[in-house]
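Here is the structure we will look at, set down as structure tokens.
Quick note: the coordinates plus some simple rules give every number you see, no bench work behind them. All figures in this text were calculated on a predicted structure; none of them were measured in a lab. Neighbour counts are summed over all protein chains in view; Cβ atoms, including those assigned to glycine, are modelled from backbone coordinates with ideal geometry.
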Amino acid sequence: MTAFNAGLLTGWHLGDLLDCVEGVCYAVDRSYRLVATGSTRWDEFARSNGAKQLTSAAVLGTNIIDMVQDEDVRDIYRRHFHSVIATARPVALSSRCDSPGVKRELRLSMTPLHIAGLVYGILVQAVTVSETVRPPIDLFDAQKLAALFENESVLPIITLCSFCQRIKALHRAEWQEAEEYYRAGGTSKVRISHGLCGDCAVKHNYVDEIGQDDSAAIRGAASAGDNP
Ligand SMILES: [Zn+2]
């Protein structure tokens, strides 16, 4: 067997390494500040999400938790990060990151960066595990909704789960996939509030504080523009 020639990699930076692995990958320190990103895919991701100013170079040093817009999702990240640092054990979650015309499932892993049991930071990797092209869904197009209904002062509020992207219409008990919501007569003429569904709250051990009801969803700020 040929020995691995580590000398060829001497001088590589962590960011170079993160750029070579699958998905969007970044490292944070113990205070959750970004210390390195796989810049090529990070920049691509920022551009495709309409945030091209958030380049890798611009966000280094920023607290990654502060970049998450939804309060409940921020809390969940903070809890998982805390657990990775406290236990030196990795965490893996499934999540959704849909765009109007693509249903996208992600696997999000958080791995402790440790030396001799001391955790110095966390490696975060988001890998797309499936993509399904579909006719564009307006509910996932915040800009289009805002433009269409900017003059409407009163719109019914629906809640979009920030993790699984299912929807709960006003006065309905169940959370539905967007496709089911439209099939059941739901419309795009709504205001979207982001929150957390009961299933995701249970999955992320979030129920002990909010209960198994929809209080997190109800708490979500009503806004069509705060897409996570
Ligand atoms: Zn959910």
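Segment 145-200 and segment 109-133 have their alpha-carbon centroids 31 Å apart.
Report note on the peptides 121-127, 55-61, 148-154: ranked by the mean count of other C-beta atoms within 10 Å, highest first, their order is 121-127, 55-61, 148-154. Over all distinct Cα-Cα pairs of segment 36-106, the Kirkwood formula returns a hydrodynamic radius of 14.0 Å. Per-residue extension of 0.36 nm, minus the Cα-Cα distance of Ala173 and Arg47, leaves a gain of 41.8 nm for this segment. Only lysines eight or more places from Lys103 in sequence, or on another chain, were considered; those with a Cα closer than 20 Å are Lys144, Lys168. The aspartates and glutamates whose alpha-carbon is closer than 12 Å to the alpha-carbon of Lys52, local same-chain residues fewer than 8 away aside, are Asp43, Glu44. Compactness of segment 12-133 is given as radius of gyration and Dmax, 14.2, 46 Å, from Cα positions.
Using C-alpha pairs below 8 Å separated by at least 6 residues, the relative contact order for the chain is 16 percent.
Comparing Tyr77, Tyr182, Tyr26 in a Gaussian network model of the chain, where Cα atoms under 10 Å apart are tied by springs, the biggest mean-square fluctuation is seen for Tyr182. With only the Cα atoms considered, the chain has a convex hull volume of 152 Å³ per residue. Taken along its principal axes, the alpha carbon cloud of segment 30-71 reaches lengths of 27, 23, 13 Å, longest axis first.
As a length-normalised measure over Cα pairs under 8 Å and 6 or more apart, the relative contact order of segment 12-133 settles at 24 percent. Would you mind finding the longest exposed-site-free stretch of the chain, with exposed trypsin sites (Lys or Arg not before Pro) meaning DSSP loop and at most 14 other Cβ atoms within 10 Å? The reported range is 53-171.
Within the shell of other residues whose beta carbon sits under 14 angstrom from the beta carbon of Ile65, the net charge comes to -1, with Lys and Arg scored +1 and Asp and Glu -1.
Near Phe149: Cβ cut-off under 15 Å, other residues only, Lys/Arg at +1 and Asp/Glu at -1. The net charge is -1.
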